[in-house]
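S.K.: Encoded as structure tokens, here's the structure I'll be asking about.
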Amino acid sequence: MQDLSTFWDITVEVWTKGVFGIDIGHILTAVGIFLGFIVIRGIFSRLVINRLKAIASRTKNSVDDHALEALEGPIRMVPIALGVFLSLDYLGLTGEAANLGSNLVRSLIAYTLFYAVYKLIDPLDFLLHRFTTVLTSIMVDWIIKALKICVVLLGIASILELWGINVGAIIAGLGLFGVAVALGAQDLFKNLIAGILIIAEKRFSRGDWVSIEGVVEGTVEDIGFRSTRIRRFDKAPVYVPNAKLADNAVINFSKMTNRRIYWNIGLEYDTTSAQLRQIVKEIKEHLYSNPEFETDDARATTLVNIDSFNSSSIDIMIYCFTKTTNWGTWMNIKENFALTLKEIVENNGTGFAFPTSTLHVASLPEAPAQIGNIPGLTPETPLNKG
């Protein structure tokens, strides 16, 4: 019985002194308080968010709606911070444990505040996209990314300071290391500056069809801090360093105002002058009467002229532009125009030329003399014409 009595005394001692001198009953109660706040977190966030939504619905602008949507996550953190605070307060910690508990609560509050600021940057993205005349969408994305990085760094620094860690000393200690990294990361900074220049000059934006001679041709998907992702027409992505895009000539096909058709068609030399004039006239009439072609000289040049006398053809140059820049639509217009050209040429009684050679023979030797030179044949030998 003494052994059982001793065991019971030890159990009571452990229960009373618990961990760090705190009664285990108090610890379990504190854990229960914290778990209770975890349970009511969903109800709390719904009540607060619904109340804020009711207030936001009275306004005409949509900025507060986006801000409220972004704040749902930080609002759900409030019961956690409050639960930790009340649990530690119930325990009545003293000394070093009290300092640790205080730092923990302060860290949770700082995290919640910086988390809220971080999420509020997303509605700022929505707001900045309204100023597309001043800021491009890529520039807005860069601003948002830079702001988020700054908020994250400030949040980490603030929490470290709460725990007594001198962030300034760490930064100073990393100074020499930073210089070494900077020397080894010259290409990174070069690409970063090149990316800023690309955005500032508005060379291209997301979705543009670009061609960099000797590098890649395709559609721009994203312009990052170091490289730009371009999707080739075979659907393979290519990651091009921004410096290469800044140093090389970039053709932006998406910025075309019109698409060009530039042909030289060759007609037979048997074509008369009257036929040539009529063909040129009908081609011009077709171009100027077709609404798919741009015939305003201030916007595009339209030329149809007899250009040259080639070795086996009389060439007519056709130089015109379509109003559309869509590649598929342009191909259909070009196909229909080619069929119309063939009809115009054929209706005027001539045809397209192809490479030919004419052999002029001054005289031929007499047949008997030729036959007599062939062994086994005489002038009287019959020839098989089949």
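The values are calculated or read from the model by the stated rules, or taken from the named source; none is laboratory data. Bear in mind the structure is a predicted one, so any value in this text is a computation, not a measurement. Here Cβ is always computed from backbone atoms with ideal geometry, including for glycine, and neighbour counts include all displayed protein chains. Heavy atoms of the whole protein, side chains included, go into the accessibility calculation; ligands, DNA and RNA do not. Shrake-Rupley method; radii C 1.70, N 1.55, O 1.52, S 1.80 Å.
S.K.: Quick one: how many Å² of Ile251 are accessible to a 1.4 Å probe, rounded to 10?
M.R.: 90 Å²
S.K.: Any chance you could look up the accessible area of Ser57 with a 1.4 Å probe, heavy atoms only, rounded to 10 Å²?
M.R.: Accessible area of Ser57: about 90 Å².
S.K.: Please compute the net charge surrounding Val210, taking Lys and Arg as +1 and Asp and Glu as -1 over other residues with Cβ under 14 Å from its Cβ.
M.R.: Local charge sum for Val210: +2.
S.K.: How much accessible surface does Ser289 have with a 1.4 Å probe, in Å² rounded to 10?
M.R.: Ser289 exposes around 90 Å² with every protein chain in place.
S.K.: Among the listed pairs Lys235/Lys255; Lys235/Lys284; Lys235/Lys342; Lys60/Lys323, which are separated by more than 32 Å between their Cα atoms?
M.R.: Table pairs above 32 Å Cα-Cα are Lys235/Lys284; Lys235/Lys342; Lys60/Lys323.
S.K.: Determine, for each peptide in 296-309, 316-329, the mean count of other beta carbons within 10 angstrom over its residues, then list the peptides with the highest first.
M.R.: So the peptides 296-309, 316-329, ranked by packing, come out 316-329, 296-309.
S.K.: In addition: Once amide H atoms are built 1.01 Å from N in the peptide plane, which residues 5 or more positions from Lys323, or in another chain, come under 5 Å H to H?
M.R.: Phe293, Glu294
S.K.: With a Förster radius of 56 Å, plug the Cβ-Cβ distance of Ala338 and Ile43 into 1/(1 + (r/R0)^6) and report the FRET value to the nearest 0.05.
M.R.: Computed FRET efficiency for Ala338 and Ile43 comes out at 0.20.
S.K.: Can you order the peptides 272-279, 192-199 by their average number of other Cβ atoms within 10 Å per residue, highest first?
M.R.: Result, highest mean Cβ count within 10 Å first: 192-199, 272-279.
S.K.: Another question about this same structure. Take the Cα atoms of the range 212-282, find their three principal axes, and give me the spread along each one in whole Å, biggest first.
M.R.: Ordered largest first, the range 212-282 gives principal extents of 64, 23, 21 Å.
S.K.: Pulled fully out, how much extra length does the chain show between Thr302 and Phe253, if you take 0.36 nm times their separation in residues and subtract their Cα-Cα distance?
M.R.: Net length gain for the segment: 15.6 nm.
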